[in-house]
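**Student:** Here it is, the structure, as structure tokens.
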Amino acid sequence: MRRHLLSVDDLTTDDVAVLFATAAEMHDVQRRAVKKLPALRGRTVINLFFEDSTRTRSSFEIAGKWLSADTINITGKGSSASKGESLRDTVLTIAAMGVDALVVRHGASGAAQRISEWVDASVVNAGDGTHEHPTQALLDAYTLTRRLGDLADRHVVLVGDLTHSRVFRSNVRLLTRLGARVTVVAPPTLMPSGVEAWAKQDGFATSWDLDAALPHADAVMMLRVQRERMSGGFFPTAREYTVGYGLTRDRLALLGDEVPVLHPGPMNRGLEIAADAADAAQSMVLDQVSAGVAVRMSVLYHLLAGEEPA
Amino acid sequence: MSETTDRPLLVRGATLPDGTRGDLLLAERLVRATGSGVDAGAPGDAEVLDADGLVALPGLVDLHTHLREPGREDAETVATGSRAAAAGGYTAVLAMANTSPVTDTAEAAERVLDLGRAAGLVDVQPVGAVTHGLEGQQLAELGLMARSRAAVRVFSDDGRCVADARVMRRALEYVKAFGGVVAQHAQDPTLAGPDACCHEGETSGRLGLPGWPGVAEETIVARDVMLARHTGSRVHVCHVSTAGTVEVLRWAKAQGLPVTAEVTPHHLLLTTDELAGYDPTYKVNPPLRPAEDVAALRAALADGTIDAVATDHAPHARHDKEHAFTDAAFGMVGLETALAVVSTVMVAGAEGGPFGWDDVARVMSANPARIAGLAGQGRPLAVGEPANVVLVDPSARVRVDRDATYSLSRNNPWHGRELVGRVRATVLRGRVTHAV
């Protein structure tokens, strides 16, 4: 594996297989009464979060702690630019304390990559703007793999605000890499620019019609839609969005009860996902959260402890 | 400050823009003799510049320079920017108004003029703001700036668009009284807001960067073209970046409307592909565009649809670029490399570009001087004309080094690239302002 995890593109399919195998072992650790492993004892992992996040930050924090790393959270809202300090100065200051890994969440696309050019520590991208969120895609694919087995030729439908979604960008890259057939669904205003060319090149499908895509799905991933998007003119009302693109009770029935439903959270119940769907037996939402810790343990382990099995 | 050199200057054996070979005798601020055999009649005390193998062009004129003084003297000053301009072959630059404070009064314009005269390396002609504080609402003191010692004729809110159609209309009408021109930064803020930083297309979609669609430029240019027709006043379009804008300009010129346009060196060569690594060196406004736009811009420059090359030299302190891409400052330096880029793209080229050196003189000297109304600049190298000359080695291959610069800033997108063509000497009214 490379020194940093900035994008799903940093991983070969072999890397992914190794990460998943380790994650499965870590997943077992979660069920033990005593969860701590000594693997990263003496290592320091800093969660550097420039943007609010409860679940991702906690997930990384627990992952680090269960591997016995010293884990510290640094949070600061807003860009460093607004505080008059350059991002480089902010990051070098923290790195100078003696850090083995920086887990970075930042509101600007490409921020983790910039940071990786300035520091010796390993950098894990925990979400950069609307670009990528590679550990989320890993935990989603891991969750799907445990449920469906090999993802080759399985049909995964991603629905939601694709334009503003880093989860979409990481997932479409990883799922196509793993051989899944992917269809991404959104109204035209929430489709990323140039997605047609991109889809053609990377081998996935796009659609404005959720009802046409759902009957062939092996899995459905609903993405969060922020209500603020209405003021940007991306769609007229929440009600209209739900009718067109929400996973409603009717659509859930259409899916059948074997097809797993994923959502990276936080969910807008009643907007992109009905309560019936969120709480259905086929909902994987809490499995994703639990897998998140295991996958992040695996990522930290492989970046910091080397390639040997745990 | 003396504007004359102590000694006459004999430029010997230069290739003139039309391709002929000859000498130039420069004395007392003017070209005194041209052609062959000037050598023999030159005064004995004349300083000799051996121009064998070099091309002589009239001194270059930049319609679009950010000198950052007053306000950001850590990024550039009028003096350092003037030195960089001279090194780039320029004898005149138009200093954009988006300084701090903004050049929106006669006093502010005269201050920039005086700083330029004190530096004494190029004519620094202030551009006046169109609106007070670049806020896009109330007209700046356009008439007082025009009447000032700075004799401002070019007005621009560059960095921001005069987005309100009514304000743009009034500005165009108003500047007719003194032969002014409004240079528009065409960016509809409702289609491309302050965060927009990447050409909207597949690259912005993949990278997750806020898109800056070409249509945000094209709709403003189309509107301004119609306002030029309605008011009969002159519009100049800054840094044209898209093929769609070229289409609009082509139509406007076919109608004979008083519309001119410039293109930057970077939009003639660099594409949106450079953004893949999120390096803010390539963050510029308007953004780098796809190769199809680059091709259209070159063709438009070649056929005269675009009148001029202007640098949009935009120096920034290092720490203002050391951010994530969307948080970093817009802009790149360009004064010292502009001629080499134009030479590489339009003259030398892999297949040989469409330009002769007379075309370079047209788009980098004569046309910009005419657009800006600078009488003593952009003139041909002929007897009785101002002795503003740049000598270029047309075949020199130069690998650009961002640290080898007279600018205070290093945000240089050409760093490490090889360009063809090197400025060897610049002469302002008979005085050597740069020589290597």
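Derivation of every value follows stated rules applied to the coordinates shown; laboratory data play no part. Every value quoted in this text rests on a predicted model; they were computed, and no experiment measured them. No Cβ is skipped: glycine too gets one built from the backbone with ideal geometry, and neighbour counts run over all protein chains shown.
**Student:** Rounded to two decimals, what is Rg over Rh for chain B when you use alpha-carbon atoms and the Kirkwood radius? Mind dumping the intermediate values first?
**Tutor:** Values: Rg = 20.7 Å, Rh = 21.6 Å.
In chain B, Rg relative to Rh is 0.96.
**Student:** Over chain B, calculate the relative contact order: mean separation of alpha carbon pairs under 8 Å at least 6 apart, over the residue count, as a percent.
**Tutor:** Values: 1114 pairs, mean separation 84.7, N = 436.
In percent, rounded to a whole number, it is 19.
**Student:** Moving on. Taking every Cα atom in the protein assembly as shown, find the radius of gyration and the maximum pairwise distance Dmax, and write them in Å.
**Tutor:** Values for the protein assembly as shown (Cα only, Rg and Dmax): 30.0, 102 Å.
**Student:** Post the alpha-carbon centroid distance, region B:362-434 to region A:277-308, in whole angstrom.
**Tutor:** 60
**Student:** Once phi is turned into ³J(HN,Hα) by the Karplus curve 6.51 cos²θ - 1.76 cosθ + 1.60 with θ = phi - 60°, what whole-Hz value does each residue of region A:9-20 show in order, with x for glycine and proline?
**Tutor:** My calculation for region A:9-20 gives 5, 6, 10, 7, 5, 5, 4, 4, 4, 5, 4, 5 Hz in order.
**Student:** Which ³J(HN,Hα) values, rounded to whole Hz and listed in residue order, are derived for region A:68-74 from phi using the Karplus coefficients 6.51, -1.76 and 1.60 in 6.51 cos²θ - 1.76 cosθ + 1.60 with θ = phi - 60°, glycine and proline given as x?
**Tutor:** Listing the rounded values in order: 6, 6, 7, 10, 10, 9, 10 Hz.
**Student:** Can you pull the mean other chain C-beta count within 10 Å for peptide A:184-197? All intermediate terms of the calculation are to be shown ahead of the outcome.
**Tutor:** Numbers: counts 0, 0, 0, 0, 0, 0, 0, 1, 9, 12, 10, 3, 2, 5.
Across A:184-197, the average partner-chain Cβ count within 10 Å equals 3.
**Student:** Moving on to the next point. Could you tell me the ratio Rg/Rh of chain A? Both radii from Cα atoms, Rh via Kirkwood. Before the final figure, lay out the partial values.
**Tutor:** Working: Rg = 19.1 Å, Rh = 19.8 Å.
My calculation of the ratio gives 0.96.
**Student:** Same structure again: Nearest 0.05, what FRET efficiency do residue B:144 and residue B:358 give at R0 = 41 Å with Cβ-Cβ as r? Let's see the in-between values first.
**Tutor:** Details: r = 39 Å, r/R0 = 0.95.
The pair residue B:144/residue B:358 has a calculated efficiency of 0.55.
**Student:** Can you tell me which of B:230, B:316, B:266 moves the most in a GNM of chain B? Springs connect C-alpha atoms under 10 Å apart.
**Tutor:** Judging by the Gaussian network model, the answer is B:230.
**Student:** Here's another thing I want to ask about it. What does region B:1-143 give for Rg and for Dmax, in Å, if only its C-alpha atoms count?
**Tutor:** Radius of gyration, then largest Cα-Cα span, for region B:1-143: 19.1, 61 Å.
**Student:** Have a look at region B:149-248 and give its Rg and Dmax from the Cα atoms, expressed in angstrom.
**Tutor:** Rg and Dmax of region B:149-248, Cα atoms, are 14.8, 51 Å.
**Student:** Which residue, B:344, B:231, B:20, has the most motion in a Gaussian network model of chain B that connects Cα atoms within less than 10 Å?
**Tutor:** B:20
**Student:** What average number of partner chain Cβ atoms lie no more than 10 Å from the Cβ of the residues making up B:314-324?
**Tutor:** Details: counts 0, 0, 0, 1, 2, 7, 2, 2, 12, 11, 17.
That works out to 5 on average.
**Student:** Now for a different question. Which aspartates and glutamates, if any, have their Cα less than 15 Å from the Cα of residue A:36, not counting same-chain residues under 8 positions apart?
**Tutor:** Straight-line reach from residue A:36, under 15 Å: A:25, A:28, A:61, A:70.
**Student:** Among A:21, A:63, A:33, which one shows the highest mean-square fluctuation when chain A is modelled as a Gaussian network with alpha-carbon springs under 10 Å?
**Tutor:** In this elastic network of chain A, the residue with the biggest mean-square fluctuation among A:21, A:63, A:33 is A:33.
**Student:** Using a 7 Å offset from the Cα along the Cα-to-Cβ direction at both residue A:290 and residue A:14, what is the distance between the two label points in nm, to one decimal?
**Tutor:** Using points 7 Å along Cα→Cβ, the separation is 3.3 nm.
**Student:** Something else: Can you pull a Stokes-Einstein diffusion coefficient for region A:182-310 at 37 °C (0.692 mPa s), Rh from Kirkwood over Cα pairs, as a whole number of µm²/s? Please list the in-between numbers first.
**Tutor:** On the way: Rh = 16.5 Å.
D = 199 µm²/s.
**Student:** Please compute, for the alpha-carbon atoms of region B:7-53, the extent along each of the three principal axes and give them in descending order in Å.
**Tutor:** Extents along the principal axes, in whole Å: 27, 17, 15.
**Student:** Taking amide hydrogens as modeled 1.01 Å from N in the peptide plane, which residues meet the under 5 Å criterion relative to residue A:71, leaving out close sequence neighbours?
**Tutor:** Distant-sequence amide H within range of residue A:71: A:45.
**Student:** Once you have all Cα-Cα distances for region B:213-328, histogram them in 5 Å bins from zero and send the whole-percent values.
**Tutor:** P(r) for region B:213-328, in whole percents per bin: 2, 12, 21, 21, 17, 12, 8, 5, 2, 0.
**Student:** Further question: Amide H neighbours of residue A:155 under 5 Å, counting only residues 5+ apart in sequence or on other chains, H built in-plane at 1.01 Å?
**Tutor:** A:181, A:218, A:219
**Student:** OK, next. Would you order B:62, B:74 from fewest to most other beta-carbon atoms within 10 Å of each residue's own beta-carbon?
**Tutor:** Listing B:62, B:74 from fewest to most nearby Cβ atoms yields B:74, B:62.
**Student:** To the nearest whole number, what is the average tally of beta carbon atoms from other chains within 10 Å of the beta carbons of peptide A:103-115? Provide the component values of the computation, followed by the final result.
**Tutor:** Working: counts 0, 0, 0, 3, 3, 12, 12, 13, 6, 2, 5, 10, 1.
Per-residue shielding by partner chains comes out at 5.
**Student:** Read phi for every residue in region A:83-97 and hand back ³J(HN,Hα) as whole Hz from Karplus 6.51 cos²θ - 1.76 cosθ + 1.60, θ = phi - 60°, with x for Gly and Pro.
**Tutor:** 9, x, 10, 6, 4, 4, 5, 4, 6, 5, 4, 5, 5, 5, 6
**Student:** Label point 7 Å out from residue B:28 along Cα-to-Cβ: which residues of region B:420-434 have amide N under 17 Å?
**Tutor:** Once the point is set 7 Å along Cα→Cβ of residue B:28, B:429-431 turn out to lie under 17 Å by backbone N, inside region B:420-434.
**Student:** Here is a follow-up. List the residues, sorted by chain then number, that are 5 or more residues from residue B:62 or on another chain and whose placed amide H is less than 5 Å from its amide H.
**Tutor:** Amide H neighbours of residue B:62, under 5 Å, 5+ apart: B:92, B:93, B:94.
**Student:** If you take the beta carbon distance between residue A:228 and residue B:39 as r and set R0 to 60 Å, what does 1/(1 + (r/R0)^6) give as a FRET efficiency, to the nearest 0.05?
**Tutor:** Numbers: r = 74 Å, r/R0 = 1.24.
About 0.20, to the nearest 0.05.
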